[in-house]
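Participant: Take a look at this one; I'll ask things after.
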Amino acid sequence: MRLSILVPVYNVASYLSALLQKLLTDLPADIELVFYDDASTDDSLVQIQTFKKNNPCLPVRILQGSKNVGLTIARSKLIDSTSAEYIWFVDADDKVESSLFDRILLILKCDKPDVLLFDYDVFYDGTEQIKHQEKLSFYPQNSLVYASGKQIYRTAILDGKHYFWNKIFRRELIVDVVDYKIPAYEDIAYTPILLSQCRSFYYFSETVIHYRIRNDSIAQKMGIKQAYGISAYLEQALYASTVVHDRQSQAYLLYKVCIYYFRMLNNVQKSSISENEKEQLLKLSKQLFSLKKLSVWQIAGLLFRVGMLGKAIKLIYKNICFKINRTDLQ
């Protein structure tokens, strides 16, 4: 099989029909669909099973979890389930431009990149209103480019769009590279590491994914898992420093740690979660933030030394504002 589309599924029954219908319309012969139902409590599994039953000629496989293990581990189980040449994670609540599948397969077959990247847009759930269109910083477009893992890694880090679902990886390069243990924000923690294994890329400058903003998603809904965004950026900063040996990426990631922490703590105070939840979230966030080792001023100095003066000034300003706000709250 040339390509496995890997779809983790958990309580997304209201969105699955749109994805399944799109996949049914334009699915080429050498693409397989693999679903992992993470012990859904709605009828997500039933929808997938019905889809498979009604389309017996399509290469569809369904994996079932006996208990909910979360998105990160679900992804690892999906990778282990396939031996396809390439793998592509697609979120069950997003939309895909399946009319582009033939062109994607042609690139994979003829150019054989280690990773194929593409554009996406972001839309609001319910209204279908497009929030923004995202273009990547990779260059040139629509051609095979050979580059070092460090170059590909740095481009992805500074671009900031290092998601699983807008990249198709050569499977053999990324098997057993990461441990898939972080409870949330695995895109930040792991995708750049997988990119650093690649030595060629193809930037297909078409909008292939339509990413849905859901109010109940981990990224939007305040909860304990949001603290792991800090951990994800810290893991990546450590990798940039000790494995890739890229100080610019390290400085930028430490900057992201601080900005994320400041923003999250401010949002916690405004949220409607219980006082007990706030206390747990604040405690975990502070514990994780303390692991960065460098002070905010030291990080600002590092940003300055790698040529990111604007980021250094912004970090100092945000740090001062954050301390003033914390004083006012007390």
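Participant: Here is a list of conditions, (1) open to solvent by less than 60 Å² (accessible area, probe 1.4 Å); (2) more than 24 Å from Glu186 (Cα to Cα); (3) out of contact with any strand residue (DSSP E or B) (no Cβ under 6 Å at 6 or more places or on another chain); (4) not in a loop (DSSP other than H, G, I, E, B), and Ile48 meets all of them except one; can you say which number that is?
Facilitator: Answer for Ile48: the failing condition is (3).
Participant: Please note which strands (runs of 3 or more DSSP E) are completely contained in the stretch 104-202 and include at least 3 residues that are within 18 Å of the chain's Cα centre (by Cα) and modelled with pLDDT of 95 or more. Spell out the reasoning first.
Facilitator: Values: elements: 115-124, 130-134, 144-146, 167-170.
Of the strands (runs of 3 or more DSSP E) lying wholly inside the stretch 104-202, those with at least 3 residues that are within 18 Å of the chain's Cα centre (by Cα) and modelled with pLDDT of 95 or more span 115-124, 167-170.
Participant: Also, quick follow-up: Can you name every residue in the stretch 149-172 that is open to solvent by 50 Å² or more (accessible area, probe 1.4 Å) and more than 18 Å from Tyr233 (Cα to Cα)? Don't jump to the end; show me each part of the working.
Facilitator: Initially, the stretch 149-172 is screened for residues open to solvent by 50 Å² or more (accessible area, probe 1.4 Å), giving 150-151, 154, 158, 163, 172.
Hits for the stretch 149-172 are Gln151, Glu172.
Participant: Identify, by number, the condition in (1) open to solvent by less than 20 Å² (accessible area, probe 1.4 Å); (2) in a loop (DSSP other than H, G, I, E, B); (3) modelled with pLDDT under 95 that Ser83 doesn't meet.
Facilitator: Result: Ser83 fails condition (1) only.
Participant: Return the only residue of Lys318, Lys283, Lys311, Lys292 being within 22 Å of Tyr185 (Cβ to Cβ), of a type in the set (D, E, K, R) and modelled with pLDDT of 95 or more. Steps first, answer last, please.
Facilitator: On the way: Lys318 fails: modelled with pLDDT of 95 or more; Lys283 fails: modelled with pLDDT of 95 or more; Lys292 fails: modelled with pLDDT of 95 or more.
Only one candidate qualifies: Lys311.
Participant: If the requirement is being open to solvent by less than 60 Å² (accessible area, probe 1.4 Å), free of Cβ contacts under 8 Å to residues at least 40 places away in the same chain and under 20 Å from the mean Cα position of the chain (by Cα), which of these qualifies: Tyr260, Tyr233, Tyr239, Tyr255? So that I can check it myself, show each step before the final result.
Facilitator: On the way: Tyr233 fails: free of Cβ contacts under 8 Å to residues at least 40 places away in the same chain; Tyr239 fails: free of Cβ contacts under 8 Å to residues at least 40 places away in the same chain; Tyr255 fails: free of Cβ contacts under 8 Å to residues at least 40 places away in the same chain.
Just a single option satisfies the conditions, and that option is Tyr260.
Participant: Only one of these conditions is not met by Asp38: (1) open to solvent by less than 60 Å² (accessible area, probe 1.4 Å); (2) among the acidic types (Asp, Glu); (3) over 19 Å from Pro8 (Cβ atoms). Which number is it?
Facilitator: Exception for Asp38: condition (3).
Participant: From Asp114, Asp43, Asp91, Asp102, which residue is open to solvent by 50 Å² or more (accessible area, probe 1.4 Å) and closer than 28 Å to Tyr202 by Cα?
Facilitator: Details: Asp114 fails: open to solvent by 50 Å² or more (accessible area, probe 1.4 Å); Asp43 fails: closer than 28 Å to Tyr202 by Cα; Asp91 fails: open to solvent by 50 Å² or more (accessible area, probe 1.4 Å).
Exactly one residue qualifies, and that residue is Asp102.
Participant: For the list (1) more than 29 Å from Ala312 (Cα to Cα); (2) open to solvent by less than 40 Å² (accessible area, probe 1.4 Å); (3) among the basic types (Lys, Arg), I need the number of the one condition that Lys221 fails.
Facilitator: It is condition (2) that Lys221 fails.
Participant: Next question. Looking at Ile320, Ile324, Ile316 in this structure, which one is among the hydrophobic types (A, V, I, L, M, F, W, C), at negative phi and surrounded by 13 or more Cβ atoms within 10 Å (Cβ to Cβ)?
Facilitator: Answer to the check: Ile316.
The values are calculated or read from the model by the stated rules, or taken from the named source; none is laboratory data. Bear in mind that the values here come from a model prediction, so they are computed numbers and not experimental data. Every residue, glycine among them, receives a Cβ derived from its backbone with ideal geometry; neighbour counts consider all protein chains shown. SASA here: full protein model, heavy atoms, side chains in, ligands and nucleic acids out. Shrake-Rupley method; radii C 1.70, N 1.55, O 1.52, S 1.80 Å.
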